[in-house]
Amino acid sequence: MSRSAPTRRTLALARCQQRIRGKVAGVLLATILVEDSKTIRDNLIAALLEFADVEVLATAETASEAILVAARYAERWNLMILDLFLKEGSGLTVLRAFKDRRSDQRIVVLTNYATPDIRSRCATAGASAVFDKSTELEAFFDYLSN
């Protein structure tokens with residue numbers, strides 16, 4: 001069985017991994033990752049762990065799992081990376097559940113569908129930022145480093 005060629009997204013993640021080494025200093029990004037694609041989740045975790053001060057507290061594949069783990073780690077997490085289209089439920093449901101979160105808790109939407117309408121709906125639901133997985137990974141990592 002031959003291995004398939006890397007996708008544009010995988011290559012972009014690899015480039016970002018090289019760029020971000022050591023960019024975040026002194027601030028622990030205690031992170032919950034909500035992504036239903038194992039490949040994307042694994043690649044994103046690898047890229048995040050290149051940050052010296054990132055800890056992935058938990059992952060979730062569904063909206064209900066995301067709400068449960070965010071509640072379980074309520075006092076610890078300060079970053080949630082959230083896909084919109086999940087195995088079950090919607091990232092918008094998760095955003096609405098945590099709209100009144102602590103001011104230090106950011107929820108960043110990372111989606112393949114970052115249309116102007118989706119960006120507006122995410123902002124209304126409480127997203128801190130919205131990035132397109134296919135075209136804005138560098139901007140996403142720059143955002144995390146600030």
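Gain in length, Asp117 to Ala46, computed as 0.36 nm per residue apart minus the alpha-carbon separation, to one decimal in nm?
So the chain would gain 22.5 nm between Asp117 and Ala46.
Can you sort Leu44, Leu29 by how many other beta carbons sit within 10 Å, fewest first?
Ordered from fewest to most neighbouring Cβ atoms within 10 Å, Leu44, Leu29 come out as Leu29, Leu44.
Ranking Thr39, Thr111 by Cβ neighbours within 10 Å, fewest first, what do you get?
Placing the least packed residue first, the sequence is Thr39, Thr111.
Each value in this text was obtained by applying a stated rule to the coordinates, not by laboratory testing. None of these values were measured; they are calculated from a predicted model. Every residue, glycine as well, gets a Cβ built from its backbone with ideal geometry; the counts of neighbours run over all protein chains shown.
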